[in-house]
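The values are calculated or read from the model by the stated rules, or taken from the named source; none is laboratory data. These numbers come from a predicted model, not from an experiment. Neighbour counts are summed over all protein chains in view; Cβ atoms, including those assigned to glycine, are modelled from backbone coordinates with ideal geometry.
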Amino acid sequence: MDAASYEAWYASARGHWVGAAECRLLDTRLRARAGETLLDIGCGTGWFTRRFAVEGLITTGLDIRADWLSFARRQSAGELQWVAGDARALPFADESFDHVLSVAALCFVEDERRAVAEAVRVARHRFAIGWLHRGSLLYREKGRDGGTGAYRGARWHDKNEVVGFFSGLPVRDLAVHSAIFLPSGGPVARLAERLLPHALPLGALIVVSGEKRP
């Protein structure tokens, strides 16, 4: 999938609902305030990066794909920063950002544990990192046999695996939440998203959040 097609999916009714639901969960877990800095690792077209910028955060999007970064730049105002880089070796000093975000990007990176360590290293306060969840309905539809479409080549994880990536790192108060319980996006799916507690690790996006330990 190219950058334009990926961005166009978020403009569809279902894509916009999925993205908005995931944004609400991530926003709740980051607890970021206007004026603070945020790094979005694996930002792709910058769909999530731009939405956090609208909330008043000073945002930087990082991705390894130059063509997707070029697309992201064309979609954004001049205040946002876009940086080419590898999630496994972030080109930033320790504690460069108040908060660090990543949305279903590290599951495409070889050596996810190293990428998580890098995310924690550059965070000053909070982080929220999302993975594709192997226990979800979306996995049954899109993740089996190597995945289809935008999910091809992704690794899908369970709760214990994603928490394990943080073992030995200077973090505290780890919590696991999820979003997108029913990926169809229909009326029942939207109702379930409002009623089911996001502390249930059952959704398609499973998020580990926490604090950087001083």
Quick check on this structure: which one of R114, R88, R155 is surrounded by 17 or more Cβ atoms within 10 Å (Cβ to Cβ) and modelled with pLDDT of 95 or more? R88
Determine whether V163 is within 14 Å of A128 (Cβ to Cβ) and surrounded by fewer than 20 Cβ atoms within 10 Å (Cβ to Cβ). yes
Could you list, in sequence order, all residues of the stretch 1-32 that are among the acidic types (D, E) and either part of a helix (DSSP H, G or I) or within 13 Å of the chain's Cα centre (by Cα) (or both)? E7, E22, D27
Over the stretch 184-214, the set of residues buried (at least 18 other Cβ atoms within 10 Å of the Cβ) and out of contact with any strand residue (DSSP E or B) (no Cβ under 9 Å at 6 or more places or on another chain) is G185, A189
Sole residue being at pLDDT below 95 and either touching a helix residue (DSSP H, G or I) at 6+ places or on another chain (Cβ under 8 Å) or among the small types (G, A, S) (or both), chosen from S167, S184, S178: S184
Filter the stretch 166-183 down to the residues that are surrounded by 14 or more Cβ atoms within 10 Å (Cβ to Cβ) and of a type in the set (S, T, N, Q) and list them by number. S178
Filtered residues of the stretch 33-45 (kept if touching a Phe, Trp or Tyr at 6+ places or on another chain (Cβ under 7 Å) and either outside any strand (DSSP E or B) or over 15 Å from R124 (Cβ atoms) (or both)): D40, G44, T45
Residue that is farthest from E118 (Cα to Cα) [pool: residues in the stretch 59-87 that are in a loop (DSSP other than H, G, I, E, B) and in contact with a Gly (Cβ under 9 Å, 6 or more places away or on another chain)]: S76
Tell me, yes or no, whether the stretch 17-33 has at least one residue that is buried (at least 17 other Cβ atoms within 10 Å of the Cβ), farther than 24 Å from V208 by Cβ and either modelled with pLDDT of 95 or more or in contact with a helix residue (DSSP H, G or I) (Cβ under 7 Å, 6 or more places away or on another chain) (or both). no
Across the stretch 34-57, the tally of residues that are touching a helix residue (DSSP H, G or I) at 6+ places or on another chain (Cβ under 9 Å), of a type in the set (V, I, T) and closer than 23 Å to E95 by Cα stands at 2
Could you grab me the full set of residues in the stretch 91-108 that are over 30 Å from I180 (Cα atoms) and touching a residue at least 40 places away in the same chain (Cβ under 8 Å)? F92, E95, S96
